[in-house]
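J.: Sharing a structure, written as structure tokens. Questions coming.
Read the figures in this text as sums done on the coordinates, not as results from a lab. Please read these numbers as outputs of a predicted model, since none were measured by experiment. No Cβ is skipped: glycine too gets one built from the backbone with ideal geometry, and neighbour counts run over all protein chains shown.
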Amino acid sequence: MQSSGSSSAGKICRAIFDYDRGEENELSFQAHEEIEILSADNKNLSFFGRTVNDSRFGKFPMNVVEIVKY
């Protein structure tokens, strides 16, 4: 996964709506769930992160979340 450096890592995002993973390495989550961004893949428009509440890991599309904490 290509990282965008420190521009996204460490930020917290919130799910805009429910997302069900399409691949095994993706992260499923519910609307309003908070996720810590660990890295970004700008080429594929995806983030890799972990859920704040229960520490599940995986990648997910950038367009299903909004950044809420920098």
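J.: With θ set to phi - 60° and the Karplus curve 6.51 cos²θ - 1.76 cosθ + 1.60, what are the ³J(HN,Hα) couplings of the stretch 19-33 in order, to the nearest whole Hz, using x for Gly and Pro?
T.: 9, 9, 4, x, 10, 4, 8, 8, 10, 8, 7, 9, 3, 6, 5
J.: Applying the Karplus parametrisation 6.51 cos²θ - 1.76 cosθ + 1.60 with θ = phi - 60° to the phi angles of the stretch 37-52, what ³J(HN,Hα) value in whole Hz is obtained for each residue in order, glycine and proline being reported as x?
T.: In residue order, the calculated couplings are 7, 9, 7, 10, 10, 5, 4, 9, 6, 9, 10, 10, x, 10, 5, 5 Hz.
J.: I want to check the label-to-label distance for ILE12 and LEU45. Put each point 7 Å from Cα in the C-beta direction and report it in nm to one decimal.
T.: 2.7 nm
J.: In nm, what is the difference between 0.36 nm times the number of residues separating TYR70 and GLU24 and their Cα-Cα distance?
T.: 13.7 nm
J.: How large is the convex hull of the Cα atoms of the stretch 5-70 per residue, expressed in Å³ as a whole number?
T.: 74 Å³
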